[in-house]
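Have a look at the structure below before the remarks.
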Amino acid sequence: MTDAPTIFERIIAREIPADVVYEDDRIIAFRDIKPQAPVHLLVVPKTAAYPDVAALAAADPELLAAVVAVAKRLAGELSDGDYRLVFNSGANAGQTVFHVHAHVLAGGLAEGTLG
Ligand code: DGP
């Protein structure tokens with residue numbers, strides 16, 4: 001039995017709509033449905049093999065580096081180039097979708113805060 005696809009797999013398959021801002025053969029990026037900053041993007045490897053960033057880093061560090069490069073590029077294209085990168089890892093850290101993704105938060109974030 002296979003697990004049901006996550007919401008991100010359904011976005012990648014275009015089964016549900018999203019505001020896609022970047023796509024290549026391995027990575028997709030779209031705007032978060034519940035933005036927590038003026039610019040709030042999700043950068044998502046298309047593979048569903050990795051539930052979180054540690055699993056991705058262990059198995060495919062080059063793909064993780066590509067995720068970071070896309071995040072930086074989009075922060076420059078869609079905001080002022082400064083950004084916060086967040087990988088929630090585990091339910092007690094707020095992770096709700098267990099398909100690795102980077103939150104890219106940008107656009108006038110307060111100094112000295114993490115929330
Ligand atoms: P996390 O809590 O780190 O697992 O982040 C999951 C994010 O996914 C959360 O900020 C909300 C976002 N999200 C959930 N469902 C959808 C959706 O259908 N479309 C979009 N664009 N974002 C979604």
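The values are calculated or read from the model by the stated rules, or taken from the named source; none is laboratory data. The structure presented is a predicted model; accordingly, all values stated were derived computationally and were not measured. Methodologically, a virtual Cβ is constructed for each residue, glycine included, from the backbone with ideal geometry; neighbour enumeration extends over all protein chains shown. SASA here: full protein model, heavy atoms, side chains in, ligands and nucleic acids out. Shrake-Rupley method; radii C 1.70, N 1.55, O 1.52, S 1.80 Å.
Could you list, in sequence order, all residues of segment 28-48 that are under 16 Å from Ile11 (Cα atoms), over 11 Å from the mean Cα position of the chain (by Cα), hydrophobic (A, V, I, L, M, F, W, C) and more than 9 Å from the ligand (Cβ to nearest atom)?
Ala48
Answer yes or no: is there a residue in segment 72-84 that is under 26 Å from Ala110 (Cβ atoms), under 12 Å from the mean Cα position of the chain (by Cα) and in a strand (DSSP E or B).
yes
With the requirement that a residue be assigned to a strand (DSSP E or B), touching a Leu at 6+ places or on another chain (Cβ under 7 Å) and open to solvent by 20 Å² or more (accessible area, probe 1.4 Å), what does segment 16-42 give you?
Narrowing segment 16-42 to residues assigned to a strand (DSSP E or B): 20-23, 27-31, 39-42.
Adding the requirement that they be touching a Leu at 6+ places or on another chain (Cβ under 7 Å) leaves 21-22, 29-31, 39-41.
Scanning segment 16-42 gives Val21, Tyr22, Arg31.
Which residues, counting only those in segment 62-90, are touching a strand residue (DSSP E or B) at 6+ places or on another chain (Cβ under 9 Å) and acidic (Asp, Glu)?
Correct list: Glu77, Asp80, Asp82.
How about segment 102-115: which of its residues are free of Cβ contacts under 8 Å to residues at least 24 places away in the same chain and either among the charged types (D, E, K, R) or buried (at least 17 other Cβ atoms within 10 Å of the Cβ) (or both)?
Glu111
I'm trying to understand the selection: among the residues of segment 68-101, which are more than 9 Å from the ligand (Cβ to nearest atom) and surrounded by 19 or more Cβ atoms within 10 Å (Cβ to Cβ)?
Matches in segment 68-101: Val70, Ala71, Leu74, Ala75, Leu78, Ser79, Tyr83, Val100.
Those residues that are farther than 17 Å from Arg73 by Cα and more than 9 Å from the ligand (Cβ to nearest atom), I need them from segment 9-25; list them, please.
Glu9, Ile12, Ala13, Arg14, Glu15
State yes or no: is Ala48 touching a residue at least 12 places away in the same chain (Cβ under 8 Å), in a loop (DSSP other than H, G, I, E, B) and touching a helix residue (DSSP H, G or I) at 6+ places or on another chain (Cβ under 6 Å)?
The answer is yes for Ala48.
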